[in-house]
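Single-structure report; data block below.
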Amino acid sequence: MVKELGVAYYGNLFPDRARDDLKEMADHGCNSVLIAMSEYDWIEWKNNIFEICKIAKNEFNFTVHMNLWAWGRVFGGEAPSFFLNNNHNYRQVISTTGKKVPAACFNTQEFKKYIFSAVKIIAKKDFIDGFFWDEPHFHYTQPKSDYFTCRCEICQNLFTEIYKKEMPITKTDDIREFKENMIIKFLKELSQIVKEVDSTKKITLCLIPPPEESGINNWDKCCENLKDLIDVFSSDPYWLLYRKSLDHVEKYSKITVELAQKYKLESQLWCLAFLIPKNKESQLQDAINIFDKYEVDSIFSWCYRGAEGTSISCRNPKEVWHVIGEAYNNLKVKYNL
């Protein structure tokens, strides 16, 4: 049964303006918000971001989730990374060429120290209810390509230590397993830090479905390894983004909810609300109906107002936002939220 309805929110850095936006979200049926905070927001604007979180929590009684938006470019999002700008040596490396790519390596202590220190501070804030690990991934590669990331010196040494052989330069089953295990290890360490600071903080893990090759292919294994640290298992079957039909939503909604139930976690599904083509807006209602059919616990949409004015804006963002509002308010009445 749906208990939570929300949207991702970013771009505004002024609390008084955010108050109007949060009211609009409430009018559209939301009882929760995901604050997507980039590294720039963290370094330059964290006090205002925290104030926005306080307003959402204290004035609107929203559940407030914090998303480290695109940090190190290993989490989802378009935002640039200060870490990558200042730490070229800790970028992921293409296996076949040695070229560095714009993504931090999960295995570098420098990146871990950078993100762990921020999480410790954020986790102490009582007006933030939880964290959202957004599509954790190695730098994306084409599924049929031979190369992979990362083959930096640190990854090579770790691979050799574990597998007792030199790290290959093309994809193998060992490489796929290694990458998956390294992401899980990183998420475990990150989640443990949150729980050590405040065990009541809710942690949501969102995995991106295929066709993107993220480094985590075995969702069951991931949930098994993290079940004692995460509270919500989530995915975002963004069908139109990959020119898929609503069957894609159906398939991954079922998988997500069933896996969450298997490991006694709450479930969450994300509705695509950016880059929606003209005259496709009604499909958002269809996707949300599918989520509801599988009795998901939480429904979110990326993002507020259909990403109006941004590089990923819907063709008709106002209509997208209207459709989401109608769908959410109908669920709000249905479930007495």
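Bear in mind these aren't lab numbers, they're just calculated from the coordinates by the rules spelled out. As the structure is a prediction and not an experimental result, all values here were calculated from the model. We place every Cβ from the backbone using ideal geometry, glycine too, and count neighbours over all the protein chains shown.
Place a label point 7 angstrom from the Cα of Lys188 along the Cα-to-Cβ direction, then list the residues of region 140-167 whose backbone nitrogen is under 17 Å away. Once the point is set 7 Å along Cα→Cβ of Lys188, 158-159, 161-163 turn out to lie under 17 Å by backbone N, inside region 140-167. Please find the FRET efficiency linking Asn218 to Gln109, where r is the Cβ-Cβ separation and R0 is fixed at 25 Å, and quote it to the nearest 0.05. Taking R0 as 25 Å, the efficiency between Asn218 and Gln109 is 0.40.
Computed extension length for Lys318-Asn157: 52.8 nm, one decimal, from 0.36 nm per residue of separation with the Cα-Cα distance subtracted. Working from label points 7 Å from Cα in the Cα-to-Cβ sense, the Lys144 to Lys165 distance is 2.7 nm.
The helix-based estimate of mean residue ellipticity at 222 nm for the chain, built from -39,500 (n - 2.57) per DSSP H run of four or more residues and divided by its residue count, is -13500 deg cm²/dmol to the nearest 500. In this label model, Tyr335 and Asp174 are separated by 4.6 nm, measuring between points 7 Å along each Cα→Cβ vector. Checking every one of the trypsin sites (Lys or Arg not before Pro) in region 150-195 against DSSP loop status and a limit of 16 other Cβ atoms within 10 Å picks out Lys164, Lys165. Assuming R0 = 25 Å, can you tell me the calculated FRET efficiency for the pair Ser117 and Lys202, based on Cβ-Cβ distance, to the nearest 0.05? It comes to 0.75. Remark: the Cα gyration tensor places region 247-337 in the prolate category, a/c being 1.5 or greater and a/b exceeding b/c. For region 1-103, lysine pairs separated by 8 or more sequence positions, or belonging to different chains, with Cα-Cα distances below 21 Å total 6.
If you take every residue apart from Gln285 with its C-beta less than 12 Å away from the C-beta of Gln285, what net charge results, scoring Lys and Arg +1 and Asp and Glu -1? Intermediate results must be reported in sequence, preceding the final value.
Values: positive: Lys280; negative: Glu281, Asp286, Asp292, Glu319, Glu326.
After counting each charged neighbour, the total is -4.
Spin-label model, Glu44/Arg243: points 7 Å from Cα along the beta carbon direction are separated by 3.7 nm.
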